Structures are given as C-alpha cells and as structure tokens.
Amino acid sequence: MPRKELAVDNVAEAYLALLAERGVEYLFANAGTDFAPLVEAFAKAARTGAPVPRPVLATHENLAFSMAHGYAMVTRRVPAVMVHVSVGTANGVCGALNAARENVPILFTAGRSPLTESGLPGARDVYIHWAQEMFDQAGMLREAVKWDYELRNGQQLETVIDRALSIATTPPGGPVYLSLPREVLAAPLPGFSYESPTRRVAAAPPGPNKGAIDEAAHILAGANNPLIITASAGRDPAAVEELADFARRFAIPVVQHRPRHLCLPADHPCHLGYDAGPYLSGADAILVLECDVPWIPSLEAPRPECPVIHLGVDPLFSRYPIRGFPCDLAVTGAAATALPELAAALDRHVTASALSERRHRLAEQREALLAGWRKTRASVAGMRPIHMAWASACIARVKPEDAIIVNEYTLMPEHCGSNLPGGYFGSSTASGLGWGGGAALGAKLAVPDRLVIAVLGDGSHLFGNPVAVHHASAMHRLPVLFIVTNNSMWGAVRRATLGMYPQGEAARSNKPPLIDLDELPAFEQVCAAAGGYGERVEDPAALPAALDRAVHAVTVEKRQALLNVICRGV
Ligand SMILES: Cc1ncc(C[n+]2csc(CCOP(=O)(O)OP(=O)(O)O)c2C)c(N)n1
C-alpha cells in the first residue's frame, strides 16, 4: 500500500498535514493558549506552502461550530473545529447538540490544559493552566458526539484521526470529539509517514433488508390512502430525486414536517405542504421517512388501525430517550437506495386504475392547499406590522432558483418554496438557537457563487452573537443576506404559554413576563457597522424594493446586507 513521507518538526505539523491529506478543507477555530503549536505550524505552512486546512477564525465557539455545520450540510464533507480547552468546549456544546441531531459530521477538537507542570515543551506556563483542567473534559458533551478520545502521542496520530473521521462520516453521521494536549502537539516528531489513501474508511450506508422491503410494499399496496411524512430525506440530495419518482409513480402525497432539508421540490404534484394534520385521519398507511417527529401525538394522530412504517438510516432514532410513535415495521436503510427497491417491490402489486383515482384525488387536495396559501398571502399582504407569510412571499420573489435558504426558524416555506435539492436548510431539531447566522456563513464559504439568505427571528439572531457574525462575514469576505423577522419578542415562548394556559394570567396580560424583547438594538446598524448594507422595513409595500436593494448589495457590491423587518407578534 502506498505510503507518504513528510518532513515535519513536531506532531502539530503532522496533524495539520494529515487533516489536509484526508480532505479536511477548513479548520474553524477559536484560539487560546493551547493553540501555540498549531499557530506556529500554520505560520510555517503559510511560508512553505505545505498543504494544511484553511484556518477560519471565529470569535465565538458557537459561531465556529455553526459555520462548520453550514459548510458540512452543504458540501457533505467533514470540517474541523478547534476550541480552547474546557471553556471553549462548553461554549461549543450547543452547536454539537444541533449537529448531532442533524447527523452532521464534524471533527470537534479542543486543546487540553498542559498535562505537566514543567519540563516538557508545552508544559504549563500560565496560571490558567491549573484551573482549566477537568477530570473528564469530554464528559460534558459525550452524549452529543459519536466518539471521543484524547491524542496521547504522535505515533498514534494516523489511527486516531482516521478513526475519528470514519466514525463521524459513517451513517448516521455526527460530530466526534478529540482533545489535543499541548505537550503532545508540541512533541518533536522526526518525520511522519502515513498511508495514502487511508485504509480506515467509513462504513457504507445500510442497505434495506429484502424481507422488510417486501413487507413495506405489501402494506403500501394494501392502502387506498397512503401518506409519506418526511423531514430529512433530502439530507442526501440523491434521495430527493428518488422520493420525487417514488411519490409520482405511486401517487402518494408527501408532507414535510418541520423539514431541515428540501426533500421534495415545491412544485412537485405530490407535495402536500408541511402539516400532516389534515391528512392523518384519512391515511390508511403511513411511511415515515427520515423523520423523527411525524406528528404531535398530544394534538393529532392517525387512526389506531393505520399501519405505520418507519424508514431511515436509524429509523428508531435510537439516541432519543423517548419516542413512542406507532411503528409496525421499521426498515433500516438510506432513502436514496431503499426507495428504488421499495418501488420495484411495490410495482408488482399496484394497478393502474387504483393509481389514476388516487392521482385525481391528490391533484384536488394539492389545488385546495395552494389556493389556501394564495388566499393567506392575499389577505395578509397589506398588514402592518408585516406578516411572516408576506415576508416569506417577498423573499420568494427575489430568490434566484439556486439560492440557499438557511431558516432559523421564522420563514414560512409554504410561501417561499424551493425546487432545487440542497436549496433549503432548517434549524436543527435540537433547536439550539444561535445557529442560523453562522450556518449561513459556512454555506457561503462552501458555495461562494450562490446567494445565501439567512432568515432569522430577532431572538434567534441575538442568540447567534450578531456582532461576531457580521465581523466574520466581513473578515472572511462572505457576503450573506440576513433577514431578521423582528417581532420584538420570543414568540415561541408566548405561543407555548398560550397553548398551556389559554385563559391564564399571561394570556390576559398585555405584557407577560419573560417574553417581550423591549429596546432591541437597530440590527441593521450593527450590520452597517461591520461594513454591510442595512435597512429597517416597517411598510409591507416597501419590502420588495428593500429586498432588491439588499440583494444588489450582496450580489453586486459583494458585501453583507441585513433587513430588519418589523413583523407581527403571535
Ligand atoms: C439555546 C436556546 N435557548 C433557548 C431556547 C428557547 N427558545 C425557543 S424559541 C425561542 C424564541 C425565539 O425567538 P425568535 O427567534 O424571535 O422567534 P419567535 O419565537 O419570536 O418567532 C426561545 C427563547 C432555545 N431553543 N435554544
């Protein structure tokens, strides 16, 4: 097997070289004293031209992690993140929870307090090196990662990195965590030899069991009103085409419940929107496809006799402590390969006459749905403060077909549909707020020629550390269009309170506690302070032209833009 030899001085240099060799393009970093050997190694590589990942500085760990998440979700490649010891890891945990639930592979690394108090290169030399050490630094995020380890010496470097990357990328993917003690990074290494290409590859995605596919086909064939509910089938863009073919061929409606990816093009004849509620009671077989929460059982449910199939890489969502949806058949398999097999099996059962009746019914249901959406848009168009349906429709008007939408989480996709696989990303089902701005920057880094639009609630935007986000946009030349839908409150908290206590004290109060965000800063000025274009929009009629100006700033002037859109509350 081919081996490569590298002349390096220490483990840090070998580490960066190996990451680059294994395809890690970027290292998103928030540095501290633990980084000294890496800063030195990056500086040396800049002089010698040795291949290393490109370092991308982020001034908060949540930003570093969100940028890595955005880059990874678009490219489906593994980025590295490096943060400062225990405290940096703590700030990165929320990002790791988001990535874990969305199966985003990220090599999450952190320094570790120097082990020794004197003697070795890299030993403790600052007072913080005592207090920052923890008994189990990885313990705080062990639930969020698939694997964790500490690099103990340079000799093991190749095995450790290959194992980290192959576990992160084996479906279902997810973050892994590696701590890097300073003495280990600084340890002299007289040359480094490694296999190229790697001989420790990721496992292939699971293929479905043939018996299970036949059983699923049998269940679907026996149904007059089958229904597919998905949230993340489109994580793999190849699965979008397969789902589109499958749904069209068998005339099965598809609902995307809280989608995190575009799973079916918005103009597909089987697209029945984003809420399975109206179709649940009529369904006589349901295929839950890569979807953790297909409906909310306390609010609605299919009929008890309706058979439910779950299909996905991990159809039981085994890392969720509780998930009790009925499951008569669970099929482990990647959607892109399982759907064609299911189609082949189903083809043997269905008749053309049954399909034509279903197709007809589906067309009627879809027309009624679209008419309802059109009616909503017409009725809210003039509302002031601006209604989210109108804001979403205005964004749809300016959005090029190949734009990437990053939605945290206020955009209404029914009024701003996308047709291109990989064109839409919703926030993680873990809902660790503060993701969208950074994720949009990471997406832009991945595809610099496409317009990236981040739609963020005012609350979500604040969680994302806006000053750091705008600074990163300017510093790394990543012009993104930020649209803050500003209702001056945490609407989700208000909705939750009204939901539980519809006649309660808070419902009667004009200003219930812990919900209103009074005296919000002028978000557009924060963007402008970082060199971007900013505008506040209160008049619904002015929104289209404001969007045109903002898109021009991003696409022609190549600078970030932010529209502070004053929206209705709950
Ligand atoms: C890290 C984190 N902290 C708190 C929450 C709880 N939370 C969920 S939604 C929300 C409010 C979001 O406000 P905004 O983005 O303005 O959207 P709105 O709810 O007003 O539509 C909060 C605080 C969370 N999901 N994540």
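At a glance:
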{"read-out": "Subset tally (residues that are touching a residue at least 40 places away in the same chain (Cβ under 8 Å) and assigned to a helix (DSSP H, G or I)) for segment 393-405", "value": "4"}
{"read-out": "Qualifying residue in segment 299-322 (condition: within 23 Å of Trp147 (Cα to Cα) and in a strand (DSSP E or B))", "value": "yes"}
{"read-out": "Top-ranked residue in segment 437-477 [being part of a loop (DSSP other than H, G, I, E, B) and of a type in the set (A, V, I, L, M); ranked as surrounded by the fewest Cβ atoms within 10 Å (Cβ to Cβ)]", "value": "Val447"}
{"read-out": "Residue list for segment 497-543, filter: farther than 30 Å from Val480 by Cβ and either hydroxyl-bearing (Ser, Thr, Tyr) or in a helix (DSSP H, G or I) (or both)", "value": "Thr497, Leu498, Gly499, Met500, Tyr501, Glu505, Ala506, Ala507, Arg508, Ser509"}
{"read-out": "Subset of segment 471-502 [away from the ligand (no atom under 12 Å from the Cβ), touching a residue at least 24 places away in the same chain (Cβ under 8 Å) and not hydrophobic (A, V, I, L, M, F, W, C)]", "value": "His471, Ser473, His476, Arg477, Pro479"}
{"read-out": "Members of segment 406-436 found to be under 27 Å from Tyr320 (Cα atoms) and not in a loop (DSSP other than H, G, I, E, B), listed by number", "value": "Val406, Asn407, Glu408, Pro413, Tyr424, Phe425, Gly426, Gly436"}
{"read-out": "Some residue of segment 454-470 being more than 16 Å from the ligand (Cβ to nearest atom), more than 19 Å from Gly569 (Cα to Cα) and of a type outside the set (Ser, Thr, Tyr)", "value": "yes"}
{"read-out": "Qualifying residues in segment 323-345 (those that are touching a His at 6+ places or on another chain (Cβ under 8 Å) and part of a loop (DSSP other than H, G, I, E, B)) - the one farthest from Ile219 (Cα to Cα)", "value": "Phe325"}
{"read-out": "Where Glu40 falls short, out of the listed (1) over 30 Å from the mean Cα position of the chain (by Cα); (2) buried (at least 24 other Cβ atoms within 10 Å of the Cβ); (3) not polar (S, T, N, Q)", "value": "(2)"}
{"read-out": "Restricting segment 280-307 to residues that are of a type in the set (A, V, I, L, M) and under 27 Å from the mean Cα position of the chain (by Cα), the residue that is nearest to His261 (Cα to Cα)", "value": "Leu289"}
{"read-out": "Some residue of segment 449-459 being more than 23 Å from Phe523 (Cβ to Cβ), in contact (Cβ under 8 Å) with a residue 12 or more places away in the chain and of a type outside the set (Phe, Trp, Tyr)", "value": "yes"}
{"read-out": "Sole residue being more than 17 Å from the chain's Cα centre (by Cα), at pLDDT 95 or above and either under 23 Å from Leu563 (Cβ atoms) or more than 11 Å from the ligand (Cβ to nearest atom) (or both), chosen from Pro521, Pro421", "value": "Pro521"}
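Per-residue answers, yes or no, for (1) more than 18 Å from Asn564 (Cα to Cα); (2) touching a helix residue (DSSP H, G or I) at 6+ places or on another chain (Cβ under 6 Å); (3) modelled with pLDDT of 95 or more:
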site	(1), (2), (3)
Ala345	yes, yes, yes
Thr351	yes, no, no
Arg374	yes, no, yes
Pro385	no, no, yes
Ala389	no, yes, yes
Ser392	no, yes, yes
Ala396	no, no, yes
Glu401	yes, no, yes
Ile405	no, no, yes
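Residue by residue, here is whether (1) assigned to a loop (DSSP other than H, G, I, E, B); (2) farther than 30 Å from Thr410 by Cα holds:
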residue: Glu215; (1), (2): no, yes
residue: Leu220; (1), (2): no, yes
residue: Asn224; (1), (2): yes, yes
residue: Ile229; (1), (2): no, no
residue: Ala239; (1), (2): no, no
residue: Leu243; (1), (2): no, no
residue: Ala247; (1), (2): no, no
residue: Arg258; (1), (2): yes, no
residue: Cys263; (1), (2): yes, no
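The values are calculated or read from the model by the stated rules, or taken from the named source; none is laboratory data. Predicted model only: the values in this text are computed from it and were never measured. Because the Cβ atoms are built from the backbone with ideal geometry, glycine has one as well, and the counts that use them run over all protein chains shown.
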